[in-house]
Amino acid sequence: MITIKFFADIAPHYRRPIWNVLLNNPDWDMHFFFGDSENGVAAIDFEKEGFSSNKHRLHKVKNYWWKKETLLWQTKVIRECCGTKFDYAIFTSEMSRPSTWIAASICRLRGIKVFFWAHGLYGREKGLKLKLKKIFFRLGNKILLYERRSKKFHIRHGFKPDNLYVVFNSLDYDAHKLLNQKLQGLEKSEVFPFFNDPSLPVVIFIGRLTKVKKLDMLLLAVNQINDKVPEVNLVVMGEGPEREKLEEMGKIGLENKWLHFTGACYDEEVIGKFLSMSDLCVSPGNVGLTGIHSLSFGTPVGTHDNMVNQMPEAEAVEDGYNGFFFKENDVNDLRDKIKDWVNNMDRNLLRERSYEIIDKYYNPHYQLTVFKRAFSGEKPEL
């Protein structure tokens, strides 16, 4: 049995399924080390089923943050890497953390194999930042990346392809599969009773209401579509600092009942109902796990086309197949793409296309196969 120490920044709630899968693999003695978040990210509830028999493998460390956003130091990590020798160290860190530089270096000197599970190179790094990033990631024997695009950047900068594994990202895949079966047969009028005409195509956004998501663009685009007569309904699901501004912008839609703000929602069944009965999920800024969430419930995704400013999960969207890309920051193009999409869609076909990429790559079972290949020394699949 191989011994693995997994040094994570925090224990985000969406990682519960993959952590469970990794902890319960009978061939590995895997231990997780993690601290608390300071930016409001919900943590895994370790009292839930699946962790009770593995509590001895879960270890808290102390995190030290700068401005509640950048993690600078983690306690215990260096000490763990200096203690009893183990086989593999996995770090989810970026290069801003001196404790990770030191811990990874110690592991390499001791013959402990180092894996990074990280965004890696984004493709926009230049000068000193690029040089430092390349030095940092060369501390790893292997790198687990979120997207194929990042792998291409690493290869371009001299990293060996056989040491680069694309692991993607995932949510609660098994729970979503069961929910999709349960939600079959729903009617829009049941899920969206607050709309004046629930039968209209429904566009949805789900996530934090922040400036980076550029939701003002979505409101402007839908306002233009509905200028003369309502053609689509819009649901904004989430909470955040932009809500008041967005509600002010959406006064006409609220008055005419084609716009609805739900507020924050953490009930996966309610989220599943809203997503599965919507026709299109749009994230005008970047799209991260929102895209995976939407596709998991059979709903295509629209987002902008500048991959340099995108999140890795944008790679799950295939333009014209399970969603679309519009010109970044172009409200008119967004408006036209939404209108064209909802007027020319085969909803059942799009539902199957949306599930397709999730079933293939964006799930913890596929991620497990990537870890197995990496630990066994097999070449990457992708």
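Of note:
- Percent of beta bridges antiparallel (DSSP, the range 1-129, rounded to nearest 5): 20 percent
- For Ile90, residues with placed amide H under 5 Å, excluding near neighbours: Lys5, Phe6, Phe7, Phe115
- Annotation for Asp87 and Leu58: the two label points, set 7 Å from Cα along the Cα-Cβ direction, are 2.4 nm apart.
- Reachable aspartates and glutamates, given that their alpha-carbon falls under 15 Å from the alpha-carbon of Lys273 and they are not under 8 places away in the same chain: Glu187, Glu190
- Relative contact order (%) - the range 53-138, alpha-carbon pairs under 8 angstrom, separation at least six: 24 percent
- The dipole here belongs to the range 233-348: it is taken about the Cα centre, uses +1 on the Cβ of Lys and Arg and -1 on the Cβ of Asp and Glu, and is about 320 debye.
- Hits among aspartates and glutamates - C-alpha to C-alpha of Lys67 under 12 Å, sequence gap 8 or more where chains match: Glu38
- Once the 1.4 Å probe is applied to the protein heavy atoms, the chain comes out at 46 Å² accessible per residue.
- Computed over the range 31-168, the percent of Cα pairs more than 26 Å apart is 29.
- Shape category assigned to the range 302-382 from the gyration tensor of Cα positions, a/c cut at 1.5: oblate
- Remark: relative contact order (the chain) = 14 percent; criterion is Cα-Cα distance under 8 angstrom and separation of 6 or more residues.
- Within the range 298-382: Cβ-based charge dipole about Cα centre, in debye rounded to nearest 20 (Lys, Arg +1; Asp, Glu -1): 280 debye
- Within a Gaussian network of the chain (alpha carbon springs, distance under 10 Å), most fluctuating of His157, His304, His119: His157
- Shape category assigned to the range 164-320 from the gyration tensor of Cα positions, a/c cut at 1.5: oblate
- Cβ-Cβ FRET estimate between Leu349 and His119, R0 fixed at 35 Å, reported to 0.05: 0.60
- Sulfur and carbon atoms: percent of accessible area, the chain [1.4 Å]: 51 percent
- Computing FRET efficiency as 1/(1 + (r/R0)^6) for Phe194 and Arg110, where r is the C-beta to C-beta distance and R0 is 45 Å, gives about 0.15.
- Amide H contacts of Glu147 (H built 1.01 Å from N, in plane; Pro and chain starts excluded): Val167, Phe168 sit under 5 Å, all sequence-distant by 5 or more or on other chains.
- Antiparallel %, DSSP beta bridges [both residues in the chain], to 5: 10 percent
- Cross-link partners for Lys142 among the lysines, with Cα-Cα distance under 20 Å and sequence neighbours closer than 8 places in the same chain left out: Lys5, Lys85, Lys113, Lys131, Lys133, Lys134, Lys151, Lys152, Lys160, Lys372, Lys379.
- Residues whose amide H lies under 5 Å from that of Trp73, counting only those 5 or more places away or on a different chain, are Tyr64; hydrogens are built 1.01 Å from N in the peptide plane.
- Student exercise, the chain dipole from Lys, Arg, Asp, Glu Cβ charges, in Debye to nearest 20: 2320 debye
- Selection from Gly207, Leu275, Ile225, by position along the positive dipole direction of the chain (Cβ): Gly207
- Along the axis of the charge dipole computed for the chain (Cβ charges of +1 for Lys and Arg, -1 for Asp and Glu, origin at the Cα centre), the listed residues Asn306, Leu139, His176 are led at the positive end by Leu139.
- Two-site label geometry, Glu268 and Leu178: point separation in nm, points 7 Å out along Cα→Cβ: 0.8 nm
- Where trypsin sites (Lys or Arg not before Pro) fall in DSSP loop in the range 45-92, at most 13 other Cβ within 10 Å: Lys48, Lys62, Lys67, Lys68, Lys85
- Between Ala374, Ser53, Met249, the Cα set farthest toward the positive side of the dipole of the chain (charges on each charged residue's Cβ, about the Cα centre) is that of Ala374.
The values are calculated or read from the model by the stated rules, or taken from the named source; none is laboratory data. Predicted model only: the values in this text are computed from it and were never measured. Glycine gets a Cβ as well: all are built from the backbone with ideal geometry, and neighbour counts include every protein chain shown. Keep in mind that these areas ignore ligands, DNA and RNA; they rest on the heavy atoms of the full protein, side chains included. Shrake-Rupley method; radii C 1.70, N 1.55, O 1.52, S 1.80 Å.
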